[in-house]
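Written out below as structure tokens is the structure these notes cover.
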Amino acid sequence: MTAIALAAGAADQIDADAVVVGIGIDAAGRPVLGPGAHAIDTALGRRLLATLVSLGATGAAGECHRIATFGATVAPVVAAVGLGSTPRRGQPISAEALRRATGVALRSLAGTRKVAIALGATRTSGATDDTVSAMAEGALLGAYSYRRYRQTSLDAHRPPVESVVVLVDDPKSPAAKQALSRAVIVCASVCKARDMVNTPPSDLHPREFADIATTEAARVGLEIEVLDEKALKKGGYGGIIGVGQGSVNPPRLVRLSYRHPKATKTLAFVGKGITFDSGGLSLKPAAPMEWMKSDMGGAAAVLTAMIAIAQLKLAVNVTGWAPLAENMPSGTAQRPSDVLTVYGGKTVEVLNTDAEGRLVLADALVRASEELPDFIVDAATLTGAQLVALGTHTSGVMANNDDFRTAVVDAATRAGEQMWPMPVPPELRKSLDSSIADIANIGESFGGMLVAASFLSEFVGKRDGEPITWAHLDIAGPAFNQSDAYGYTPKGGTGAAVRTFVQIADDVAAGRIS
């Protein structure tokens, strides 16, 4: 991952190969320089804005224009990145606008050795801690590049920026240093999740995923338990076994645990871990299968969020559950009309083997509920209906408690992830009735994201006679970007839900969610 540090000094005097400044749009629709650009503008004889406009800069988000300074500044290059509509004078630029702008700049400057970020700091008004965090996250996530499998094409792709300095008034400020440290930890986890999602499924079966989890748990001090196919069968985990029985690569269930001596609340995170989803005997068409290596994105988010939570030492107890299987067609695969007995005893009629994620989640939700956590949150690349309803950038949030759903959406927004509250209409439950089993794995075709959430809610246990507070994140579209990179989001694996999981844990630890 790109190295990052805090630094003081005027932007025109900083020793770097390029300095990033902002250009936005004022209330009248005119381009205007961002708060960190004035030192550069002065050094260039107040001609920075006019020069950028002559190059076509409008201040719109996603733009990035580079100019040579010809010795007027220590850095030979200035990169002006679009901030979009800017707030009134004295009001801070939103954290997400800064993240995205910084990400655009770092992607544009790939191949550069050292970059200075001057988007939020001036001599009279330094970057706030939130600003420091946003710029650092945008830089680290924007600089991400997955290069593991490039051989002969490696030289044709510029390497990520080697190092970044974020300009602030006081780089020794404890709050600023803490904000940077947190950003580094969280972004490292997001990038780890991206790596896992981007890994070809031939190199990441359930066993390899569990091996990575074991290594990472030892590194950061998490407790870990891994159930193999024999233990799963003996324990009655019919959902995981049923989905995985068509593959030569047997399933796993990973349980991770983090405990803090001052914790008063317990969270359970559950993530769908289908390392490749062919659809099983209900075979997917070829095109939708091309990106099904991403179907373990929820499990990757759980694992890597647990790593970050342990490193941040948040005052909350957290368990992470990753039910892992490869969904393949074969002579041993589960069939449409088979009946599975999920952990805990409920029977499920499998009407469509491509609705497999909810089956492995059912086992894990029941098992997680046995430990009586205060909250359960699951994340899953669960339904194509999520893309139909909300598109590729926005996850759906469903819950059995409206206040908790609101808190989860709020946590996601502050973390920088787009999520939207969705209902779980009770009338949809009837469509899941089975003629021969306790429940069917598919129901009404319309509102498929909501039907899937209704199915999952059946496997959330009770605490003190009431359902455990639960939320479901459908990250099907946001987990894998099939289009061009944008902001700090690369093409391919995105690490969706990692930052939200960490923020939820932080909020529970701080009492903001109770």
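The values are calculated or read from the model by the stated rules, or taken from the named source; none is laboratory data. Keep in mind that this is a model prediction, so the values were computed, not measured. Ideal geometry is used to build each Cβ from the backbone, glycine not excepted, and the neighbour counts take in all protein chains shown. Calculation scope for accessible area: heavy atoms of the full protein, side chains included, ligands and nucleic acids excluded. Shrake-Rupley method; radii C 1.70, N 1.55, O 1.52, S 1.80 Å.
Here are the numbers:
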{"item": "Only listed residue being in contact with a Gly (Cβ under 6 Å, 6 or more places away or on another chain) and crowded, with 16+ Cβ neighbours inside 10 Å, chosen from Gly142, Gly242", "result": "Gly142"}
{"item": "Conditions (1) of a type in the set (Gly, Ala, Ser); (2) surrounded by fewer than 18 Cβ atoms within 10 Å (Cβ to Cβ); (3) in contact with a helix residue (DSSP H, G or I) (Cβ under 8 Å, 6 or more places away or on another chain); number of the one not met by Ala110", "result": "(3)"}
{"item": "Some residue of region 421-431 being over 27 Å from Val348 (Cα atoms) and modelled with pLDDT of 95 or more", "result": "yes"}
{"item": "Region 109-167 - residue that is acidic (Asp, Glu) and either in a helix (DSSP H, G or I) or closer than 20 Å to Ala8 by Cβ (or both) and, of those, modelled with the highest pLDDT", "result": "Glu137"}
{"item": "Residue count for region 165-181, restricted to those that are within 22 Å of the chain's Cα centre (by Cα) and either open to solvent by less than 60 Å² (accessible area, probe 1.4 Å) or closer than 23 Å to Arg113 by Cα (or both)", "result": "3"}
{"item": "Restricting region 439-469 to residues that are in contact with a Ser or Thr (Cβ under 7 Å, 6 or more places away or on another chain) and hydrophobic (A, V, I, L, M, F, W, C), the residue that is nearest to Pro421 (Cα to Cα)", "result": "Met449"}
{"item": "Where a residue in region 71-98 is farther than 21 Å from Thr42 by Cα and among the charged types (D, E, K, R) and its partner, wherever it lies, is open to solvent by 40 Å² or more (accessible area, probe 1.4 Å) and not in a strand (DSSP E or B), with Cβ under 8 Å and at least six apart", "result": "Arg88/Ala27"}
{"item": "Some residue of region 311-319 being assigned to a loop (DSSP other than H, G, I, E, B), touching a residue at least 40 places away in the same chain (Cβ under 8 Å) and buried (at least 24 other Cβ atoms within 10 Å of the Cβ)", "result": "yes"}
{"item": "Subset tally (residues that are in contact with a strand residue (DSSP E or B) (Cβ under 6 Å, 6 or more places away or on another chain) and open to solvent by 50 Å² or more (accessible area, probe 1.4 Å)) for region 390-419", "result": "2"}
{"item": "Subset of region 168-180 (residues that are in a helix (DSSP H, G or I) and of a type in the set (Lys, Arg))", "result": "Lys177"}
{"item": "Number of the exception - Ala105 against (1) among the aliphatic types (A, V, I, L, M); (2) farther than 17 Å from Ala16 by Cβ; (3) open to solvent by less than 70 Å² (accessible area, probe 1.4 Å)", "result": "(2)"}
{"item": "Complete set of residues in region 339-354 that are out of contact with any helix residue (DSSP H, G or I) (no Cβ under 7 Å at 6 or more places or on another chain), open to solvent by 10 Å² or more (accessible area, probe 1.4 Å) and of a type outside the set (Lys, Arg)", "result": "Val339, Gly345, Thr347, Glu349, Leu351, Asn352, Asp354"}
{"item": "Enumeration of residues in region 339-382 that are in contact with a Lys or Arg (Cβ under 9 Å, 6 or more places away or on another chain), under 27 Å from Glu466 (Cβ atoms) and either free of Cβ contacts under 8 Å to residues at least 40 places away in the same chain or part of a loop (DSSP other than H, G, I, E, B) (or both)", "result": "Tyr343, Gly344, Leu372, Pro373, Asp374, Leu382"}
{"item": "Unmet requirement for Ile117, which otherwise passes all of (1) crowded, with 24+ Cβ neighbours inside 10 Å; (2) in contact with a Gly (Cβ under 7 Å, 6 or more places away or on another chain)", "result": "(2)"}
{"item": "Matching residues, region 1-20, being closer than 27 Å to Ser145 by Cα, out of contact with any Leu (no Cβ under 7 Å at 6 or more places or on another chain) and buried (at least 20 other Cβ atoms within 10 Å of the Cβ)", "result": "Ala16, Val19"}
{"item": "Meets criteria (more than 19 Å from Ala308 (Cα to Cα) and either under 24 Å from the mean Cα position of the chain (by Cα) or open to solvent by less than 30 Å² (accessible area, probe 1.4 Å) (or both)) for Asp277", "result": "yes"}
{"item": "Region 182-207, residues that are open to solvent by 10 Å² or more (accessible area, probe 1.4 Å) and within 20 Å of Asp129 (Cβ to Cβ)", "result": "Arg182, Val184, Ile185, Ala188"}
{"item": "Filter pass, Ile40 being touching a residue at least 40 places away in the same chain (Cβ under 8 Å) and either buried (at least 19 other Cβ atoms within 10 Å of the Cβ) or not in a loop (DSSP other than H, G, I, E, B) (or both)", "result": "yes"}
{"item": "Matching entry among Val360, Val377 (being in contact with a Pro (Cβ under 8 Å, 6 or more places away or on another chain) and surrounded by 24 or more Cβ atoms within 10 Å (Cβ to Cβ))", "result": "Val360"}
{"item": "Single residue of region 476-514 satisfying the filter (open to solvent by 30 Å² or more (accessible area, probe 1.4 Å) and basic (Lys, Arg)) that is nearest to the chain's Cα centre (by Cα)", "result": "Lys491"}
{"item": "Residue list for region 214-239, restricted to those being of a type in the set (A, V, I, L, M, F, W, C), buried (at least 21 other Cβ atoms within 10 Å of the Cβ) and under 15 Å from Ala325 (Cα atoms)", "result": "Leu227, Leu232"}
{"item": "Members of region 64-81 that are outside any strand (DSSP E or B) and either surrounded by 19 or more Cβ atoms within 10 Å (Cβ to Cβ) or under 34 Å from the mean Cα position of the chain (by Cα) (or both)", "result": "Thr73, Ala75"}
